[in-house]
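Bear in mind that the values in this text are calculations on the coordinates, not laboratory data. Every value quoted in this text rests on a predicted model; they were computed, and no experiment measured them. FYI the Cβ positions are ideal-geometry reconstructions off the backbone, even for glycines, and counts take in every protein chain you see.
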Amino acid sequence: MTTVVWWVRRDLRLMDNQALAAALASAGRVVPLFILDPTLLSSSYVGDKRLAFLLQGLHQLDADLRARGGRLVVRRGDPVDELARLLGESGAEAIWAEEDFSPYAQRRDDRVARTLPLHLTPGLTVHPPGAVLKADGAPYTVFTPFSRKWKTLSLPQPGAVLPAPDRIPALADVHSLPIPTEPALPSAVPFPAGQAEAQDRLRAFVGGDNPPIYCYGEMRNRLDMAGTSQLSPYLRFGMLSARQAVVAALSATAAAPDAQARKGAETWLNELIWREFYVNILYHFPDVRRQSFRANLKDIAWENEKAAFTAWCEGKTGYPVVDAAMRQLVQKGWMHNRARMIVASFLVKDLLVDWRWGERWFMQHLVDGDPAANNGGWQWTAGTGTDAAPYFRVFNPILQGKKFDPKGAYVRHWVPALRRVPDKFIHQPWQMPLEVQQKVGCIVGRDYPATIVDHAWARERALAAYAAAKKAFSLPSEMMLNTNQALEEEVNE
DNA sequence: TTTTGAGTTGTTCGA
DNA sequence: GTCGAACAACTCAAA
C-alpha cells in the first residue's frame, strides 16, 4: 500500500480540498502534516491573535481527522528538513499540497521541489495567477478588466465542491509534536476556528429566505450594522475554500428575487475577485511588499512621527470613528472594511506616516491578515498601488462617521468615554460646548483626547507632500530627456 | 501603432 | 439641504 503526505499550509479543511483529494486518489494511506515554520512564526508581521486562530484551527483539523480515523502530524523546523525526515520515517512516496503564491511560499516550495517529490494543486484561488492574463500575456494591474476576464474563464458549478472524505486512516507509528495551545485565542476575538464554523457562517450569509448577501450592497458599508459575511479569517486559512465561496455567490446571484438582491450577491462576488486580484498582484509584482507600486510615489516625504503613530495604534487620535476602529482591531482582531479605509487614510494622509507602518500594525493584529490583500489595501489607500485611489482622495473622518455610523452606535460601543455624547456631536466631540461636556461626563482633553491634528490642515499638507513627490520624480526624468535630445541633436549635426 | 474610453469605496465648493 | 462639477492628469486595456 502506498503512502503520501498531505502537507497542510493555509488550507485547514477537509471539505473541498483538492490537495487532500489528490493525495487520497494517489495512495492508500495519507499522512496529514502541518509544519510549524520558525521563519514564519518569528516574522514581525505575525501577531498573537492570528497565531492563536491558526493553532485553534489545527486543533479543529486534528479533531476532524480523528473523527475519520486519522490524526494531524505536527512538526517544527525547516520545511525541507521536516518533510525529508517524515518521508524517511513513513515511507511516503510523494507530498501533496495546495499551491500558495506569496513570495515566501514560492521560495519555500521551490526549495522543497528541488529535492523532494512535491505536487501542488489549485485551491487558494479559483483562478490561479497566470490564468487571468491580458491578450498579450501580461498580468492585469486594473481591477475592472481583471474581474471581467476572471468571469469569462470557466467558473465552478455547485457540483464541483468536494465533500469531506469519509475516512482518512492514520499511520500508527508516526511521531507528532503536541499542537501548541499558547497563545490562546482571547475571548474577545469572535472567530472560533475550524471548517464547521466556516460552513455555519456561509450558510447564515447565503442561505434561507432573504439572506444577508442580498442586502450586502447596501449594508456592507455600515459600521453600525452586521452587514458583512465575517468570513475573511476562514478564507485566510482555507477553513473555507475560495471555490465554495464563489459557488455560493454565483448560486445566490442566479436565485436572486430582484435586481437589488442580485446586486448584493454580485458585489460580494466582486469582493472575492478582489481577493484574487491582489494574490495576482503580489505574485506578478513581488516588490510591492517593500515599496510603492507606482514609481512616481516611491519617495514621499513622510513625517513618520512616533507619537502620532502611537496615538493611532492606541485609538487616541481624537477622531471618534478612527479611535473606535483602532480599538476594535486590537480587541477583536478584525476591523470593518469601511473602517480599514478610514483609518488607513487617516494614518497615511492626515498623519503622513508611511503606509508600511500601518500595514505592519494591521498584520500584527488582524486574524484575517493576508500579505496580498493587506498590502493591496494599504497601497490602494495610500494612492501608491495598482489601480489606486487618486492621491487627492482624502477621507474626512467626520463625514465618514456621519455617513456610515449616523447615530454613533459604532463609536459608542468601542469608545465608552463618548457613550453619553449627543448624536449631534458624536463625530466631533470637540465642538460640544463646555457645559454639555460637563453634563455628559466627557471633557475633551481629559476623558477623551483632543484631536492630534486638524483635518483640513492635514489634508492640504498631504496634497502638498504627494505633489512634491511626483514633481521630484518627474524633474530628473525631464532632465534626462533633455540630455537625450541634446545628444540626438549633436548626432544629427 | 494609434486612439479611445474608462477607472471600488471621496471631498469640497458654489449654485 | 441638494446637486453637479472640479480636483489633475495619467495610465491601462482593448479595439
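Once every DSSP H run of n ≥ 4 in chain A is given -39500 (n - 2.57) and the sum is divided by its residues, what mean residue ellipticity at 222 nm do you get, rounded to the nearest 500 deg cm²/dmol?
-15000 deg cm²/dmol
How much length is gained if the chain between A:His59 and A:Ser474 is pulled fully straight, taking 0.36 nm per residue apart and subtracting their Cα-Cα distance, in nm to one decimal?
Using 0.36 nm per residue and subtracting the Cα-Cα distance, I get 144.0 nm.
Distance between Cα centroids, region A:160-208 to region A:362-379: provide it in whole Å.
22
Could you work out the pair-distance distribution P(r) of chain A from its alpha-carbon pairs, with 10 angstrom bin width and percents rounded to whole numbers?
Bins of 10 Å from zero give 4, 17, 26, 25, 16, 8, 3, 1, 0 percent of pairs.
What distance in nm separates the simple spin-label points at A:Tyr45 and A:Gln106, each placed 7 Å from Cα in the Cβ direction?
1.3
Tell me, in nm to one decimal, what length is gained between A:Asp287 and A:Asp224 on full extension, where the rule is 0.36 nm per residue of separation less the Cα-Cα distance?
Contour length minus Cα-Cα distance gives 19.0 nm.
Using Cα centres only, tell me the gap between region A:394-470 and region A:120-147 in whole Å.
41
Between region A:302-349 and region A:11-86, what's the alpha-carbon centroid distance in Å?
34
What are the residues whose amide H is under 5 Å from the amide H of A:Gly238, where those residues sit 5 or more places off or on another chain and H is modelled from the backbone?
It is A:Leu12, by chain and number.
Please return the longest stretch of chain A lacking exposed loop sites, where trypsin sites (Lys or Arg not before Pro) count only if DSSP places them in a loop and at most 13 other Cβ atoms lie within 10 Å.
A:1-133
So what is Rg over Rh here for region A:128-180, counting just Cα atoms and using Kirkwood for Rh?
In region A:128-180, Rg relative to Rh is 1.30.
Which order do peptides A:15-21, A:255-261, A:172-178 fall in by mean Cβ count within 10 Å, highest first?
Final packing ranking: A:15-21, A:255-261, A:172-178.
Against the empirical 2.2 N^0.38 Å scaling, what ratio does the C-alpha Rg of region A:54-112 come to?
Against the empirical 2.2 N^0.38 Å value, I get 1.28 for region A:54-112.
What residues qualify as long-range amide H neighbours of A:Arg9, i.e. H under 5 Å apart, gap of 5 or more or another chain, H built at 1.01 Å from N?
Residues meeting the amide H criterion: A:Glu98.
Using only C-alpha positions, report the orientation-averaged shadow area of the convex hull of region A:322-401, nm², one decimal.
Seen from a random direction, the Cα hull of region A:322-401 projects 4.8 nm² on average.
What is the Cα convex hull volume of region A:1-136 when expressed per residue in Å³?
130
Project the alpha carbons of region A:295-439 onto their principal axes and report the range along each, largest first, in whole Å.
52, 30, 28
How big is region A:359-402 on each of its three principal axes, counting only the C-alpha atoms and giving the largest first in Å?
Principal extents (largest minus smallest coordinate, Cα): 28, 26, 12 Å.
How big is region A:1-73 by Rg and Dmax over its Cα atoms, in Å?
In order Rg, Dmax, the Cα atoms of region A:1-73 give 13.4, 43 Å.
Relative to the longest principal Cα axis of chain A, at what angle does helix A:79-90 sit, 0 to 90 degrees, rounded to 10?
Helix A:79-90 and the main axis of chain A meet at about 20 degrees.
Nearest 10 degrees, 0 to 90: what angle lies between the long axis of helix A:371-382 and the longest principal axis of chain A (Cα atoms)?
The angle comes out near 10 degrees.
How large is ³J(HN,Hα) for each residue in region A:242-248, as worked out from phi by the Karplus curve 6.51 cos²θ - 1.76 cosθ + 1.60 (θ = phi - 60°), to whole Hz, x for Gly and Pro?
Working through the residues one at a time gives 4, 5, 5, 5, 5, 4, 5 Hz.
Quick one: what are the phi-derived ³J(HN,Hα) couplings along region A:199-206, Karplus 6.51/-1.76/1.60 with θ = phi - 60°, whole Hz, x for glycine and proline?
Rounded to whole hertz, the list is 5, 4, 5, 4, 4, 5, 7, 10.
Based on the alpha-carbon gyration tensor of region A:48-199, what equivalent-ellipsoid semi-axes (square roots of 5 times the eigenvalues) come out, in whole Å, largest first?
Result for region A:48-199: semi-axes of 31, 22, 18 Å.
Based on the Kirkwood radius over alpha-carbon pairs, what is the Stokes-Einstein translational diffusion coefficient of region A:195-284 at 4 °C with 1.567 mPa s viscosity, in µm²/s?
97
Using the basic label-point model (7 angstrom from Cα toward the beta carbon), what is the A:Gln199 to A:Lys407 distance in nanometres?
3.7
Through the Karplus equation 6.51 cos²θ - 1.76 cosθ + 1.60, θ set to phi - 60°, convert the phi angles of region A:452-461 into ³J(HN,Hα) values in whole Hz; use x for Gly and Pro.
7, 7, 7, 4, 4, 5, 5, 4, 5, 4
What net charge is computed for the residues neighbouring A:Trp96, neighbours being all others with C-beta under 14 Å from the C-beta of A:Trp96, Lys and Arg scored +1, Asp and Glu -1?
-4
By how many nm would the segment from A:Asn296 to A:Leu399 lengthen if fully extended, with 0.36 nm per residue of separation less the alpha-carbon distance?
Using 0.36 nm per residue and subtracting the Cα-Cα distance, I get 34.1 nm.
Contact order normalised by length for region A:348-476, with contacts defined as Cα pairs under 8 Å and 6 or more residues apart; what percent is it?
Here the relative contact order equals 22 percent.
Long-range amide H contacts for A:Val31: which residues qualify at under 5 Å (H placed 1.01 Å from N, peptide plane, sequence gap of 5 or more or a different chain)?
A:Val4, A:Val5, A:Trp6
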